[in-house]
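A short worksheet on the structure shown next.
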Amino acid sequence: MHNVMKRGGAVVFLLVLFIIWEAVVWWRDIPMWLLPAPSAIIAEGYRSFGDFSVHILATTKLTLLGLTIGASIGFIIALLLHRMPLINQMVYPLLILSQNVPTIVLAPLLIIWFGFGLLPKLIIISLVCFFPIVVAMMDGLKNTDPTLKHYMQMIGANRGQTFWKLELPYAMPSLFSGLKIAATYSVMGAVISEWLGAKQGIGVYMTYAQSSFRIDRVFVAIFAIMLLSMALFALIQLIERMIVKGQTREV
Amino acid sequence: MLLEITDLSKNFGATEVLQHVNLQVADGEFVAILGPSGSGKSTLFQLIGGIITPTAGEILLNGKAISGEKGHISYMPQQASLFPWRTVLQNVVLAQEIQSKANYTQAEDWLERVGLAQFKEAYPIELSGGMKQRVAFIRALLSEQNLLCLDEPFSALDEFTRLDMQNWLLSVWEAHPRSVLFITHSIEEAIYLADRIIILSKRPAHIKEEIKVPFARPRHPAMLATAEFIALKQHIFAQMETRKTND
Ligand SMILES: Nc1ncnc2c1ncn2[C@@H]1O[C@H](COP(=O)(O)OP(=O)(O)O)[C@@H](O)[C@H]1O
Ligand SMILES: [Mg+2]
């Protein structure tokens with residue numbers, strides 16, 4: 001009940017925002033090529049949905065594939081680094097550095113090296129979404145409740161048992177926090193990678209819209225990106241509810 | 001003798017925690033270890049559990065030296081230490097899982113017998129403090145080792161729940177005797193539950209006195225009001241007091 005009210009609050013707030021936006025556009029008579037009204041954007045989205053849906057589908061596929069690969073890589077790196085503290089000390093700073101290279105700079109380089117195929121795109125998406133997973137997962141593993149660890153020792157659990165039965169399940173909520181962040185990044189990563197050369201995708205649609213000054217279509221693309229991010233977020237939350245048991249549920 | 005500890009000492013760096021501790025637990029015996037906070041009671045359990053090694057002395061279980069070896073005892077800590085993502089049933093088989101294999105039929109049997117059957121699918125977050133300790137106790141009972149080591153299992157509970165839990169523990173234990181080593185800092189709890197009480201001094205801990213508890217079993221709460229009980233309690237209290245003024 002409480003949750004429903006909070007969600008409802010967000011929707012109302014968004015609606016109010018849209019109404020103000022709409023009102024300002026009509027009142028100040030702002031031209032379409034500068035800032036289209038929400039109603040115009042929605043109308044355009046509805047009109048061109050047939051053509052646009054191909055692009056949404058392509059981006060969704062690319063995002064899901066990239067997120068899966070990036071998340072798996074992040075998960076494996078976190079496990080390895082957790083089990084090997086020495087290597088962790090050497091590699092962790094490099095991982096942080098990898099996040100300091102702006103994607104926009106890196107993407108053209110990857111295209112030069114790997115061509116216009118799927119590979120450079122997946123590399124970009126993986127690069128933007130593995131890091132939150134590594135950080136969240138390692139924090140989760142490291143912060144395992146010491147009283148539970150002590151208990152496992154006292155009953156004679158070995159390292160493997162302690163890991164599989166305690167540390168890994170204990171880190172699941174953290175893993176999902178990381179996944180939610182990664183999911184949001186992965187949509188951005190996919191769109192950016194599409195800007196740099198693709199046949200289909202929201203990124204491609206956006207480039208066309210921009211070069212033909214169809215600002216309403218740019219906004220259609222922006223809304224689509226937001227909806228896709230939210231859908232992914234909700235999907236991960238759903239999986240989390242099915243997997244993570246016995247925890248107090250936050251919003 | 002099930003457990004024989006001879007001349008056991010433990011230092012952490014320059015801090016002496018245990019000094020020349022000697023104690024035995026016979027088969028089926030309920031022994032309480034009574035001592036003030038910080039005296040080294042949990043350290044003693046960590047030594048028996050094998051997660052730390054003694055500075056000097058020996059620990060024999062069934063005549064076999066077990067210093068530094070893990071997995072020889074059943075254990076119940078002060079904090080219930082249930083795994084939040086496991087149901088009650090999945091929690092009580094955990095210690096079995098670590099030792100060998102989970103026996104769910106036996107576990108369900110036990111939950112039934114001790115009145116926890118309706119909670120078997122519940123998660124720990126849904127349980128009260130007392131319930132959690134019951135589950136933790138059954139988890140310890142279900143693991144196969146002969147010696148049950150309970151480290152202040154009720155000291156985090158409120159007074160009423162604690163009395164309840166003591167009676168519950170007695171009823172379960174009297175129906176299914178096991179060798180128990182029970183750490184507590186409550187004099188009443190030690191007398192009410194144990195066959196024998198070992199009084200530890202303040203740190204560095206050595207054994208001040210060993211007392212055979214003269215009360216028959218099964219024990220009843222009425223015992224707490226008898227003159228004999230109160231006299232024994234005062235005797236132990238005086239013992240622990242003298243130590244204080246000696247320091
Ligand atoms: N790993 C350790 N390193 C240093 N000191 C310790 C360690 N473990 C326990 N101690 C010290 O040993 C003393 C006894 O602790 P503990 O056995 O937990 O006491 P009790 O269980 O009787 O309350 C305490 O003063 C504590 O600070
Ligand atoms: Mg203690």
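The values are calculated or read from the model by the stated rules, or taken from the named source; none is laboratory data. The shown structure was predicted, so the numbers you read here are calculated from the model rather than taken from an experiment. As a convention, Cβ positions derive from the backbone with ideal geometry for all residues, glycine included, and neighbour counts pool all protein chains shown. The area values use the complete protein model at the heavy-atom level, side chains included, leaving out ligands, DNA and RNA. Shrake-Rupley method; radii C 1.70, N 1.55, O 1.52, S 1.80 Å.
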Of the convex hull drawn through the C-alpha atoms of the range A:32-80, the volume per residue in Å³ is 109 Å³
Descending packing, highest mean Cβ count within 10 Å first, for A:240-247, B:205-212 is B:205-212, A:240-247
Counting other chain Cβ atoms within 10 Å of each Cβ in B:44-53 and taking the mean gives 2
With x for Gly and Pro, the residue-by-residue ³J(HN,Hα) of the range B:152-163, computed from phi through the Karplus equation 6.51 cos²θ - 1.76 cosθ + 1.60 at θ = phi - 60° and given in whole Hz, is 6, x, 10, 6, 8, 9, 6, 3, 5, 4, 5, 4
Over all viewing directions the Cα convex hull of chain A casts an average projected area in nm² of 17.1 nm²
Accessible-area loss of at least 10 Å² (1.4 Å probe, chain alone to full protein assembly) applies in the range A:156-184 to A:Gly156, A:Ala157, A:Gln161, A:Lys165, A:Leu166, A:Pro169, A:Tyr170
In terms of the alpha carbon gyration tensor, root eigenvalues a ≥ b ≥ c, rounded if a/c is under 1.5 and otherwise prolate when a/b exceeds b/c or oblate, chain B is oblate
Once amide hydrogens are built 1.01 Å from N within the peptide plane, the residues lying 5 or more places from B:Ser9 or on another chain with amide H under 5 Å from its amide H are B:His20, B:Val21, B:Thr55, B:Ala56, B:Gly57
Measure of exposure for B:Glu188: accessible area at 1.4 Å probe, Å² rounded to 10, is 70 Å²
Rounded to one decimal in nm, the spacing of the 7 Å Cα→Cβ label points at B:Glu112 and A:Gln161 is 2.7 nm
Note to self: with every protein chain in place and a 1.4 Å probe, the range A:182-251 gives an accessible area per residue in Å² of 53 Å²
Residue by residue through the range B:125-130, the couplings from Karplus 6.51 cos²θ - 1.76 cosθ + 1.60 with θ = phi - 60°, in Hz, x for Gly and Pro, are 4, 8, 9, 6, x, x
The range B:1-29 scanned against label point 7 Å out from B:Glu69 along Cα→C-beta; backbone N under 16 Å for B:2-6
Per-residue average of other protein chain Cβ atoms inside 10 Å, peptide B:63-76 -> 2
In whole angstrom, largest first, the equivalent ellipsoid semi-axes that the Cα gyration tensor gives for the range A:107-235 are 42, 17, 8
Here the whole-number average of other chain Cβ atoms within 10 Å per Cβ of B:94-103 is 3
Counting every C-alpha pair in the range B:81-133, the percent lying more than 14 Å apart is 49 percent
For B:Lys208, the residues 5 or more places away or on another chain with a placed amide H closer than 5 Å to its own amide H are B:Ile199, B:Leu200, B:Ser201
Ranked output for segments B:128-138, A:222-232 by mean other Cβ atoms within 10 Å, highest leading, reads B:128-138, A:222-232
Taking alpha-carbon centroids only, the range A:175-251 lies from the range A:66-112 a number of Å equal to 20 Å
Taking placed amide H atoms and a strict 5 Å upper bound, the residues 5 or more places from B:Ile33 or on another chain that come that close are B:Phe182, B:Ile183, B:Thr184, B:Ile198
For the protein assembly as shown, the Kirkwood Rh over every pair of distinct alpha carbons, in Å, works out to 27.5 Å
Excluding ligands, DNA and RNA, the carbon-plus-sulfur percentage of the accessible area of the range A:42-250 with a 1.4 Å probe reads 72 percent
Counting only DSSP beta bridges fully inside the protein assembly as shown, the antiparallel percentage to nearest 5 is 50 percent
Under the helix-only model (-39500 (n - 2.57) for each DSSP H run of 4 or more, divided by the residues of chain B), the mean residue ellipticity at 222 nm, to 500 deg cm²/dmol, is -11000 deg cm²/dmol
With Cα coordinates, the longest principal axis of chain B makes an angle with the long axis of helix B:227-246, in degrees rounded to 10, of 60 degrees
Karplus-derived 3J(HN,Hα) from phi for the range B:84-97 (6.51 cos²θ - 1.76 cosθ + 1.60, θ = phi - 60°), whole Hz, x at Gly and Pro, runs x, 8, 9, 6, 4, 4, 5, 5, 6, 8, 4, 5, 4, 4
Note: A vs B interface, total accessible area buried (1.4 Å probe; ligands, DNA, RNA excluded), nearest 100 Å², is 2000 Å²
About its Cα centre, the range B:78-144 carries a charge dipole, from +1 on Lys and Arg Cβ atoms and -1 on Asp and Glu Cβ atoms, whose size in debye to the nearest 20 is 160 debye
CD proxy, 222 nm, chain A: helix-only mean residue ellipticity via -39,500 (n - 2.57) per DSSP H run with n ≥ 4, per residue, nearest 500, stands at -27500 deg cm²/dmol
Under the 7 Å Cα-to-Cβ spin-label approximation, A:Phe213 and A:Tyr46 lie apart by a distance in nanometres of 2.7 nm
Descending packing, highest mean Cβ count within 10 Å first, for A:183-196, B:167-180 is A:183-196, B:167-180
